[in-house]
Structure formats: structure tokens, C-alpha cells
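First the structure, in the form of C-alpha cells, and then the observations on it.
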Amino acid sequence: MARVYNFSAGPSTLPVEILEETQKELVDFDGQGMSLLEMSHRGKQYEAVHGEVLALARELVDLPDDFDVLLLQGGATLQFTMVPANLLGERRAGAYAVTGSWAKKALADARHYGDAYAAWEAPEPAVLRTPRDEELSLRPDTRYLHITSNETIEGIRYPDWPDVDVPLVADMSSDFLSRPIEWSRFDLAYGGAQKNLGPAGVALVYVRRRVLAQAPNALGAYLRYAVHADKDSLYNTPAVFAVWMMGKVLRWLRDHGGVRAMAEAAQRKSAALYTVIDESDGFYDCPAEPRCRSHMNVVFRLPDDELQERFLAEAAAAELVNLKGHRSVGGCRASLYNAMPQEGADRLAELMRDFAKRAG
Ligand code: PMP
């Protein structure tokens, strides 16, 4: 069987043992003569799977008791709507730190639901970075500060959680469960599953319980956090397949040392690439300020397009695939989510070093 090292930004690589296990269980789940995908989501089998996912999602992040765990559809994108729709009342405003493409989208959606403003905006087209605490300008009526903990496209992250006087809300899509979360600062954290947590189709949301009662009345059922919390995320038919696989990934995460081990691994994997970049005499250029470099998405450029095409072709021939940067920014991007083994990062680092030597 030929498996490549897949550096895709999402959907992204999954542990092969999980794919194999899923394949085995797919046709006949738990001796029922049918797959889990064909059973009622109200049945015993699915309920057990669902319950385990909620419990593991709680355990892995040491979630305080006054938080709920939700499994929702609509990806992180629906959270761009649900967050302001539930948290912003008449007289409260949402502050957004506009660090890159995803934060921009979150702010644009929030503006449909209330008073939302940019508490900081990245100066363009300067070096990419996240704001320092003292650069954030928060209005007195601010309900929350929304941050994008890791900007998947630009390849930057917050090295530390902002220390501000309002609760944080974080889009953690691209570094969820790869770094510890300091819950005392948060009211809510969310992310789509398709990077660190499983296949696409489900979003994981952690929400502080006191937030649930604050939603305005004029909101449809699906858009209310409280509805999902009341029903343990079984208000309507859940994304059965995605939740099932997320459970396998969460178990894998636990068995591989949990979030702390993932954070250390991410540091090591990304350092392997940043070291090559820094030692390349400018052959590779990383646009992120070193303090804010992402541990999940390593973004870099080669001196020109022709060299970049050659590099990508050589990488693909060496079974290192999906290294092209996002179409909006170009360049290269290596995504190193939890399921990417160290060997993948090392093989890429070796190719980068060798390529620079030959072409530089
Ligand atoms: N936020 C971030 C940081 C992302 O990387 C992505 C997806 N790449 C999204 C939001 C959107 O997520 P989804 O496709 O699950 O709606």
C-alpha cells in the first residue's frame, strides 16, 4: 500500500490505523449486521459513540465543569454566525482581531448580527503577525474579543493567549487540541474537525454555560447554543460518520499523550522546517514574524515561480504532496497537523535543504 505524506491544510492527513479500523468496522458495526451509518442516531450503538466523543472532547482539554461540549454541523463557518447571534445583544459589541483571511470572514459575518468592530487590523502587506496585548483597542461595551488562534492561510498563531478584560472567543480550527487552552480567559472556542480532529462534517464547540441563556429570542432553533446543549448535541440528526471518526481520532490523541504531547510534537515538526528556512540564506522566505510562526501551517516562498514549480514537482515525486500555498497568497505551505508524523516533517526538511543547495 502506498501512502504519501499529505501536507494538505484541510481536510488533511488522518492516522492510517484509524482509516483501516474504520474500513473494518464499516460493513458490520458491533455485530449488528449493518454499519453505524445505517442505524438510527437514537439507537444504543450511536448513543454510545456520541457519548464517548463528548466525554473525550472534555477530558482531553481538562474542560471546567461550567462549560458544555457541542458537536455541530456547518463547520467553523456557521460559528462565524452563531457566535455573534448568541452572544451579542442590543447593547454589546464584538471585538475582532483581524489577523488574516479567516478572522476577516468571522468579522464580516458578525456584522450581520450586531455591532462588531476590528480591535486590531494587520497592516498590509507587512510581515504577518498577531497583535500584542497593548495593541488591541477594546471599546467599553465589548462583550468578547474574537481571535483566530492560528491563521491557516497566513501561517501565524498567537504565541500566548491575549490578556484582556473581556472574555475570549477563539476560532481554533487549525490548531484545536494541539495546544493547551487557558479556560479562565475563554467563553467559547470552536473549530471544524477536518484538520486536527477527523474528517469534515462536524464542528467542535466548547461554550461556557452562562453564555447559553444570553441569546436573543428571535433565533431559529439550530442557531441557538442552548438548544444543542439541552439535547447533548442530538437535537437533530448529527453528522454520524464524522462524529464516529472524530471519536477514533480523539482516542488516538489520548493514547498518544494528549494535547501536551501534540503541542511538543508540533513544536518539533515545525522547528525542523523553520530551521531549514532560517539557514537557507534567504533562499526560502517565511513571511511570518518569528514570534508568531504557526506550528501547524508552515508558509514559505522560493525565489521565483519556476523554482517553486520545480520544488513542488520534486516533492511530489518524493511522495510529499499538497505543498502548494493557498491560492490567495501563493507560495508553499506545509500543514503539520497532529496526525502528521515527525518523519513526514523530517523528509520534507531534508528535501528543502537539498533543493536549496542545488538551486541556490
Ligand atoms: N477558520 C479557520 C482558521 C480555518 O482554517 C477554516 C477552514 N480552513 C475555517 C475557519 C472554515 O472552516 P469550515 O470549512 O469548517 O467552515
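Each 10 Å bin from 0 upward holds the following percent of the Cα-Cα pairs of segment 93-222: 12, 43, 36, 8, 0. Taking the chain as a Gaussian network of alpha-carbon nodes connected by springs under 10 Å, the highest mean-square fluctuation of the residues ARG139, ARG224, ARG293 belongs to ARG139. For segment 266-360, the square roots a ≥ b ≥ c of the C-alpha gyration tensor eigenvalues yield an a/c under 1.5, which makes the shape rounded.
Listed values for segment 164-171 are Karplus-derived 3J(HN,Hα) couplings in whole Hz (6.51 cos²θ - 1.76 cosθ + 1.60, θ = phi - 60°), namely 10, 8, 10, x, 8, 10, 10, 7, and x replaces Gly and Pro. Residue-wise HN-Hα couplings along segment 2-16, as the Karplus relation 6.51 cos²θ - 1.76 cosθ + 1.60 with θ = phi - 60° gives them from phi, are 9, 9, 8, 8, 9, 9, 4, 7, x, x, 9, 4, 10, x, 4 Hz; Gly and Pro carry x. Available extension along the chain between ARG185 and ARG58 is 44.0 nm, counting 0.36 nm per residue and deducting the alpha carbon span.
Starting from the Kirkwood radius over alpha-carbon pairs of the chain, derive D by Stokes-Einstein at 25 °C in a medium of 0.890 mPa s and give it in µm² s⁻¹.
Details: Rh = 21.3 Å.
It comes out at roughly 115 µm²/s.
To the nearest 0.05, what FRET efficiency results for ALA271 and ASP66 with a Förster distance of 35 Å applied to their C-beta separation? Before the final figure, lay out the partial values.
Working: r = 36 Å, r/R0 = 1.03.
Computed FRET efficiency for ALA271 and ASP66 comes out at 0.45.
Fully extending the segment from SER40 to ASP28, taken as 0.36 nm per residue of separation minus the present Cα-Cα distance, adds 2.9 nm. Pop the C-beta distance of ASP255 and VAL329 into the FRET formula with R0 = 30 Å and round what comes out to the nearest 0.05. The value I calculate is 0.25. Along the Cα-to-Cβ line of ASP163, 7 Å from the Cα, sits a label point; which residues in segment 47-76 have backbone N less than 15 Å from it? Residues passing the 15 Å test: none.
Relative contact order, whole percent, for segment 190-287 stands at 21, derived from Cα pairs under 8 Å and 6 or more residues apart. Both numbers refer to the Cα atoms of segment 1-45; Rg and Dmax are 14.2, 38 Å. Distant-in-sequence amide contacts of TYR96, defined by a placed amide H-H separation under 5 Å and a gap of 5 or more residues or a different chain, comprise TYR117, ALA118, ALA119, TRP120, HIS146.
Mean residue ellipticity at 222 nm from the helices of the chain, using -39,500 (n - 2.57) per DSSP H segment of n ≥ 4 over the full residue count, to the nearest 500 deg cm²/dmol? Don't skip to the end; give the middle numbers.
Working: 10 runs with 129 residues, N = 360.
Helices in the chain give a 222 nm mean residue ellipticity of -11500 deg cm²/dmol.
Here segment 269-328 and segment 168-191 have alpha carbon centers that stand 26 Å from each other. Database remark: amide H of PHE186 closer than 5 angstrom to the amide H of LEU168 (H placed geometrically; neighbours at sequence offset of 5 or more, or on other chains; Pro and chain starts carry no H). Just ASP109, ASP304, ASP175 to compare: in a GNM of the chain, with alpha carbon springs under 10 Å, which one fluctuates most? Sorting by GNM fluctuation, first place goes to ASP304. A compact globular protein would have a Cα radius of gyration near 2.2 N^0.38 Å; the ratio found for segment 132-283 is 1.21. Taken as Cα centroids, segment 95-118 and segment 197-224 sit 18 Å apart, rounded to the nearest whole angstrom.
The mean sequence separation of alpha-carbon pairs under 8 Å and at least six residues apart, normalised by the residue count of the chain, gives a relative contact order of 23 percent.
With a cut-off of 8 Å between alpha carbons and a minimum separation of six or more residues, what is the relative contact order of segment 1-106 in percent? The normalised contact order for segment 1-106 reaches 10 percent. Between GLU319 and ASP232, the simple spin-label model (points 7 angstrom out along Cα→Cβ) gives 4.3 nm. In sequence order, segment 310-319 has phi-based couplings of 5, 4, 5, 5, 5, 4, 4, 5, 8, 6 Hz under the Karplus curve 6.51 cos²θ - 1.76 cosθ + 1.60, θ = phi - 60°, and Gly or Pro positions carry x. Would you look at the GNM of the chain, springs on alpha carbons closer than 10 Å, and say which of TYR206, TYR337, TYR222 moves the most? Ranking TYR206, TYR337, TYR222 by mean-square fluctuation puts TYR222 first.
I'd like the trypsin sites (Lys or Arg not before Pro) in segment 1-104 restricted to DSSP loop residues with at most 14 other Cβ atoms within 10 Å, sorted by number. Let's see the in-between values first.
Working: sites: ARG3, LYS24, ARG42, LYS44, ARG58, ARG91, ARG92, LYS104; in loops: ARG3, ARG42, ARG91, ARG92.
Loop-located and lightly packed - ARG3, ARG42, ARG91.
Set the Förster distance to 30 Å, then compute FRET efficiency between TYR222 and ASP305 from the Cβ-Cβ distance, nearest 0.05. Calculated transfer efficiency: 0.10.
Read-outs: derived from the displayed coordinates by stated rules, not from any lab. All figures in this text were calculated on a predicted structure; none of them were measured in a lab. Cβ sites come from the backbone with ideal geometry, for glycine too, and all protein chains shown count toward neighbours.
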